[in-house]
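Student: One structure follows; several queries about it will come next.
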Amino acid sequence: MKQHSVLGACGLECGLCPRYHTNGPSKCPGCDGQDFKLKHPACGFVTCCVNRHGLETCAKCADWKNCDRVGRLLDSIKQSDSFISYRPLVENYARISKLGIEGFINLLSVKIKLLEHLLADYDDGRSKSYYCLACQLLPIEDIEAALQEAEGEFNQTADTAGKARLVRATINRRAGTAGIDLKLRK
């Protein structure tokens, strides 16, 4: 079993996924977490990376750049929005290589806390996936700056929906400045 279910064997930041932050039967336990095999019985990344090679993530495999499975995943990122959360995969691998697993987990923990703050205080019932995607694609500094900007503009009488609109608008401005598109293409 992996040590960190918030980090996928494939390199995905599972702790930033909407299903990880869902209550109920569709909740995902994270990569190789408790009951993971019931939800994802045939994950090839866990089979190869964790079970065969005893690694936490493919980023620790010396041969990931030549791996057909990783290559297919990287190709799918370019073609389908259902893989949009995998866009930072190569960057994640580089960070894991540079910082090690624990260093990367520390950064991911900061993003998870920011996401939890967004979900607890500014989820209007329609923003969970958006906030998860923003936390996956934007640098920590941009998320923090967007939150600080939005929170500085809140009207005392604003309801959750109004606050959510303002938070999304400030995140969108930061994303636009960084050249990051947070909208799914149809």
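Student: For every helix of n ≥ 4 consecutive DSSP H residues, a contribution of -39,500 (n - 2.57) applies; sum these over the chain, divide by its total residues, and give [θ] at 222 nm rounded to the nearest 500 deg cm²/dmol.
Tutor: Result for the chain, helices only: -16500 deg cm²/dmol.
Student: At a Förster radius of 22 Å, what calculated FRET efficiency corresponds to the Cβ-Cβ distance of ARG19 and LYS98, to the nearest 0.05?
Tutor: About 0.15, to the nearest 0.05.
Student: Run the numbers on the chain and let me know its relative contact order in percent, using alpha-carbon pairs under 8 Å that are six or more apart.
Tutor: Answer for the chain is 19 percent.
Student: Set the Förster radius R0 to 41 Å, insert the Cβ-Cβ distance between ASP121 and ASP181 as r into 1/(1 + (r/R0)^6), and round the FRET efficiency to 0.05.
Tutor: Here the calculated transfer efficiency is 0.95.
Student: Report the extension gain between MET1 and ASN106 in nm, rounded to one decimal, defined as 0.36 nm multiplied by the number of residues separating them, less their alpha carbon distance.
Tutor: Result: 35.8 nm gained on full extension.
Student: For segment 1-28 and segment 102-159, write down the distance between their C-alpha centroids in whole Å.
Tutor: Value for the Cα centre distance between the two parts: 17 Å.
Student: What are the ³J(HN,Hα) couplings of segment 136-150, residue after residue, when phi is run through the Karplus curve with 6.51, -1.76, 1.60 and θ = phi - 60°? Round to Hz, x for glycine and proline.
Tutor: 6, 9, 8, x, 3, 4, 5, 5, 4, 5, 4, 4, 4, 4, 5
Student: Could you list TYR93, TYR122 in order of exposure, starting from the residue whose Cβ has the fewest other Cβ atoms within 10 Å?
Tutor: If I rank by nearby Cβ atoms, fewest first, I get TYR93, TYR122.
Student: Also: Neighbouring Cβ atoms within 10 Å as the yardstick, rank ILE140, ILE112 fewest first.
Tutor: With the fewest neighbours first, ILE140, ILE112 line up as ILE140, ILE112.
Student: Run the dipole for segment 14-177 about the Cα centre, Lys and Arg Cβ at +1, Asp and Glu Cβ at -1, nothing else charged, and hand back the magnitude in debye, nearest 20.
Tutor: With Lys and Arg at +1 and Asp and Glu at -1, about 540 debye.
Student: Expressed as a rounded percentage, what relative contact order does segment 85-186 have, with Cα pairs under 8 Å and six or more residues apart?
Tutor: 27 percent
Student: Segment 65-143: Rg/Rh from Cα coordinates, Kirkwood Rh?
Tutor: Taking Rg over the Kirkwood Rh, I get 1.02.
Student: How many percent of all Cα-Cα pairs in the chain sit more than 28 Å apart?
Tutor: 26 percent
Student: What is the extension gain from ASN66 to THR47, computed as 0.36 nm multiplied by their sequence separation minus the C-alpha to C-alpha distance, in nm to one decimal?
Tutor: Here the answer is 5.1 nm.
A short reminder: the numbers here are calculations on the coordinates, not readings from a lab. Remember, it's a predicted structure, so these values are computed and weren't measured experimentally. Ideal geometry is used to build each Cβ from the backbone, glycine not excepted, and the neighbour counts take in all protein chains shown.
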